[in-house]
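The values are calculated or read from the model by the stated rules, or taken from the named source; none is laboratory data. What you are looking at is a predicted structure, and each value in this text was computed from that prediction instead of being measured. All Cβ positions, glycine included, derive from the backbone under ideal geometry; neighbour counts span all protein chains shown. When the accessible area is computed, the model is the full protein with side chains, heavy atoms only, and any ligands, DNA or RNA have been set aside. Shrake-Rupley method; radii C 1.70, N 1.55, O 1.52, S 1.80 Å.
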Amino acid sequence: MKKIIVVSVVKMLFLMSVTLASAQSAVRGSVVNGDGQPLEAATVLLVSSTDSSLVQGRVTTKTGSYAFNQIPPGSYLIASSFAGLQDTYSAVFQLYNGVDISIPALKIQKQEINIGNVTVTGKRPLYEQKIDRMVINVANSITNAGSTALDVLMRSPGITVNQQNSTISMSGKEGVFVMLNGKINRMPVTALVQMLSGMSSSNIERIELITTPPANFDAEGNAGFINIILKKNMEYGTNGSFSLTAGYGVGGGPVEGGSINLNHRRPGWNVYGDYSFGRTTPNTLSSTRKIIGNDIIENFMTTDRDDFRRNHSGRLGVDYELSNKTVLGVLLSGFSNMYGMKALNTTSIYKNGSLDTTIIIDNPERHPLNNYSANINLLQHFKAEEQLSINLDYIYYNDANTLTYLNNFYSGNGSFIYSDRTKSNKETPIHFWVATANYSKKLGKKMDMEAGVKSTFSTFINDVRVERELQNNWTIDNDLTARHNLKERILAAYTSFNITFNEKTKSKIGVRYEYTNSNLGSESKKNIVDRQYGNLFPSVFLSHALNDKSSLNFSYNRRITRPTFNEMAPFIYFVDPNTFFSGNPALQPSISDAVKVDYLLKPFIFSLSYTYEKNTITNFTPTVDPVKNKQTFAGQNQQYKHMANATVSLPITATKWWTMQNNITGQWNQLHALYKGVPLIITQPALQLNSTQSFVLPKDYSIEVNGNYQSGGFFGFFRMKSFLSLNFGLQKKLPNNKGSLVFNVTDFSGPPRYKLYIDAPEQNLISYFNGRFTVTTFKLTYSRNFGSSKVKANRTRTTGSEEEKQRVQAN
C-alpha cells in the first residue's frame, strides 16, 4: 500500500510537470565567425556593466547559440572569446523583471593583435539580500580573515549559535540545516558545530542564509538552510591560492591556521582540491538552578576548561567532458577534527541558604570526529535548456567521545567525605547512501519546468558504555549502557514551475512529497521507534514589479523538522552527579507553515514573515526531580509555537570610500508548552542589529568594522539575554600581485557572554546559564593567489542533494 501511494504521487508530479509551465528572465544570442558561420564552443560571459564582475558563463552550442537564465534586473554586457580569435563585446543593455532579451549576433574576427584576456574585476558587498536568501560574501570580508565558519555565522544577521548546547538558530528558529556546496550535511548537530568551528573561512567563497527554500530543496527544517559555498577556481592552467594565519587569544593562547586551494584546468577536464587546518581557543561556563519545596535547594556550578580544537579538512575532485553534451564528475572529501578538554567543575549545593555539599569534578574529555564522503555526478545536456543530472553519494561519519569523571565530595565545612569515579565511552558511526535525479526543461518561450526524485538511506549506531569504579574494579552500569541502531529511509519527489503572467508579475509554484520510514531499536529491545509517514510540502513564490526600482514579493511554504538521531537515541551525558543530558525516543516530527512578504525599494529590502509550528521540538528541555535534586535535559515535543519576524536591509554608500551594510531584525516568539502536564507559555521579543562599515584608504589600504548586537532570544525553554560583539580589520594589498596582509581583532569590546535563563517558580523551573565561547583575539593573515589567470567559464553541475546551477554563476 505504501509503495502504491509513493508511485501514485510520483505519477501525479510527472503529470503536473507536463501540464504546467513558466518563464524566467533570460538573455539569448549567438556567436559567429568572420564569415558569419555559427561558432561552436566559444566562451560567452555575462558581465555586470557596473563593476565588471562575472555573473554567468556559457559555451556556445553547435548552432553557435547561448542562453543565460534566472538573471535579475540590472545593467549587463556580453563578452565572447575563442582560441586564436579576437575577443568581442556587446553593447551595454538593461534587463527588466520577467522580460527576455535577444542580443544581436556577436562576430569574432581573426586576431590581428594581442589585446590580452578579459579581466573580471570588482568586489561584491559583504552582504547581499535576495528574494529568498541573504548572501554573505566571506571572501570579501577583512574581519573574517583567519576565522572559522562558525565565527562567520556567529557574526551573521539573524543567526544565533549556542555552543554549549550545540544549537544554531536563524530568525529565532532552531530547525536549521547546514549544506556544503548545496549538499545537506546530515551529521549530528553536536558534531556539526565542532566541524564548523574547525572549517577555515579562507576556503569559503560565500554563505547563503536561505529562509524560504523552494521545492527542489529537502523539506527538512523549519528555519531553512545555511549553504556554505567553498571556493572553486574558474581559470585555465594551473593556479590556486593559499593563506596563513597566526595570532593570540587573550586568555586563550596561540591561534594558528592555514589553507591552500589548487586547480588545474584544460579543455575537456579539470582537477581541483583544497586543504585547511586550524586550532582554536578555550571557553568557560557557569550555571545556577534552584528547587523550591520543603527546603530551598540551590546548585551553583562553574567550569574552568583548558581545551583545544584541532581540525584538518580537504577535497579532491575531477570533472571530465565525455562529449560536448555529457560531463562526469567525481568528488572526494573528508575531515579529521579533534576536541580535547581538561575541565575542573565545581558544584556547590546550598540548602536553605547554607552550604551543604561541594563536589569538585576532574573531567578530561577526548572527542575525535572523522568524515569521508564520495560523490559521482553525471550531467547530460539534451538540447538547449534541457538537462538531466544524476548523483550518487556515500557519506560516512564516526563520532567518538570518551569522558572520565573523578567526583570528590566535601561537606559544608570543607571536610572530605568520599570520592567516586565514572567513565563514559560513546562511539557513533553513521552511514548515508543518497541517490538523486533532477531534470529541467524549458517548455516554451515563457515556460520552464524542473522535477526530480531522491532516495536517502541511512544507518546510525549509538554505542554507549558507562562504567563505575567499585572497590578498585570497573563495573558496567547496565542501566546506562546500551547499543542502539537506527535505520531510516526517505523517498522524495518534487516538481516546480516558473510562470510569467506579464512583464511585471511572475511566480514559482512547487510541490514536494516525502515518505519517511524510521526504525530505532537496541540489542535488548526491538522497535523502540517504528514509524512510517508521508507528507506533501507545497511552496509558492509571487513577484510583482511596481516600477523599475521597487517590487513586492510573497512566499508560502510548508516544512518538517524530524528528530535528529542523537535526540531519539537514549544516551546519558553527565555534567555533574545531579545534572544529565539524555535522548528521547518518543520525539515526533514537527510541521511548520510560513508566509513571507518582501518590499524591495532598490537597494533597500523590507520583509515581514510569520511561522506557525505544530509539535515544536525544544532541544535540551529541563526536567527537575525536586526530591532527588536531579535535573535532566532532553528534547521534547511542545504544543505549538508562533514566530514573527520583521527585517530591514539598508546598504548605504556614504562616499566613494565609505560604504556600509546595516541589517535590522525584530523577532517575536511565543511557545505554548506542557511541563509535567501543566501549560507553560513563554513569550520572548528580540532585536538584532548588524552593521558593517567599510573604508577604502589610499595606497591600497582598507578598513572594516563589524558590530553585532542581540537584545535577547529563545533556546527551547530558555530565554537569552543581550550581548554585543565588535570586530575590526585592516588590510594592505601588496604591490606586484604579491598578495594581501590582514590584521584583525575579533571581539575587541570583550568576548560576548551567552546568558540563558528560565524563571518559572510555579513549575519549579529556575535556572541560569552563563557561557563564554570566544576570547578577544589578535590575528595576522597573509594570503596570495598564484598561477594562471585566464578566465574560463565553468561547466554546469549538480550535487547529490541540491542542484548547483551554473558553477560560474556569481550569486
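Data for the structure
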quantity: Segment 726-747 - residue that is on the phi > 0 side of the Ramachandran plot and over 27 Å from the mean Cα position of the chain (by Cα) and, of those, surrounded by the most Cβ atoms within 10 Å (Cβ to Cβ); calculated: GLY739
quantity: Search result, residues across segment 275-300 that are within 23 Å of LEU196 (Cβ to Cβ) and either out of contact with any helix residue (DSSP H, G or I) (no Cβ under 6 Å at 6 or more places or on another chain) or open to solvent by 20 Å² or more (accessible area, probe 1.4 Å) (or both); calculated: TYR275, PHE277, GLY278, ARG279, THR280, THR281, PRO282, ASN283, THR284, LEU285
quantity: Hits in segment 758-811 - residues which are more than 19 Å from ARG265 (Cα to Cα), modelled with pLDDT of 50 or more and assigned to a loop (DSSP other than H, G, I, E, B); calculated: ASN764, PHE773, THR774, VAL775, THR776
quantity: Boolean, SER286 is in a strand (DSSP E or B), polar (S, T, N, Q) and at pLDDT below 85; calculated: yes
quantity: Considering residues of segment 568-584 that are buried (at least 20 other Cβ atoms within 10 Å of the Cβ) and either within 26 Å of the chain's Cα centre (by Cα) or not hydrophobic (A, V, I, L, M, F, W, C) (or both) only, the residue modelled with the lowest pLDDT; calculated: ALA569
quantity: Test for PHE723: is it closer than 23 Å to PHE778 by Cβ and open to solvent by 60 Å² or more (accessible area, probe 1.4 Å); calculated: no
quantity: Options ILE78, ILE101, ILE108, ILE71: the member that is surrounded by fewer than 18 Cβ atoms within 10 Å (Cβ to Cβ) and either modelled with pLDDT of 75 or more or under 30 Å from SER30 (Cβ atoms) (or both); calculated: ILE101
quantity: Tally, over segment 514-530, of residues that are open to solvent by 40 Å² or more (accessible area, probe 1.4 Å) and of a type outside the set (S, T, N, Q); calculated: 5
quantity: Top-ranked residue in segment 588-605 [being among the hydrophobic types (A, V, I, L, M, F, W, C) and modelled with pLDDT under 90; ranked as nearest to SER543 (Cα to Cα)]; calculated: LEU600
quantity: Single unsatisfied condition, GLY666 versus (1) in contact (Cβ under 8 Å) with a residue 24 or more places away in the chain; (2) within 24 Å of the chain's Cα centre (by Cα); calculated: (1)
quantity: Matching entry among SER609, SER539 (being open to solvent by 20 Å² or more (accessible area, probe 1.4 Å), of a type outside the set (Lys, Arg) and under 24 Å from the mean Cα position of the chain (by Cα)); calculated: SER609
quantity: Qualifying residue in segment 748-756 (condition: open to solvent by 70 Å² or more (accessible area, probe 1.4 Å), in contact with a strand residue (DSSP E or B) (Cβ under 7 Å, 6 or more places away or on another chain) and not basic (Lys, Arg)); calculated: yes
quantity: Criterion violated by LEU587 - all others in (1) farther than 29 Å from THR623 by Cα; (2) of a type in the set (A, V, I, L, M, F, W, C); (3) open to solvent by less than 60 Å² (accessible area, probe 1.4 Å) satisfied; calculated: (1)
quantity: Segment 382-396 - residue that is aliphatic (A, V, I, L, M) and open to solvent by 60 Å² or more (accessible area, probe 1.4 Å) and, of those, farthest from LYS442 (Cα to Cα); calculated: LEU392
quantity: Whichever residue in segment 489-504 is surrounded by fewer than 21 Cβ atoms within 10 Å (Cβ to Cβ) and under 31 Å from the mean Cα position of the chain (by Cα) and, among such residues, is nearest to VAL453 (Cα to Cα); calculated: LEU491
quantity: Count - residues of segment 405-460 that are open to solvent by 50 Å² or more (accessible area, probe 1.4 Å) and β-branched (Val, Ile, Thr); calculated: 2
quantity: Among the residues listed as VAL44, VAL32, the single one being part of a strand (DSSP E or B), at pLDDT 75 or above and open to solvent by less than 10 Å² (accessible area, probe 1.4 Å); calculated: VAL44
quantity: Residue match in segment 336-351 (condition: modelled with pLDDT under 90, in a strand (DSSP E or B), in contact with a helix residue (DSSP H, G or I) (Cβ under 7 Å, 6 or more places away or on another chain) and closer than 21 Å to HIS367 by Cα); calculated: yes
quantity: Condition check for SER518: at pLDDT below 95, of a type in the set (Gly, Ala, Ser) and farther than 19 Å from THR459 by Cβ; calculated: no
quantity: Residue satisfying condition, being of a type in the set (D, E, K, R) and within 33 Å of the chain's Cα centre (by Cα), within set ASP356, ASP362, ASP399; calculated: ASP399
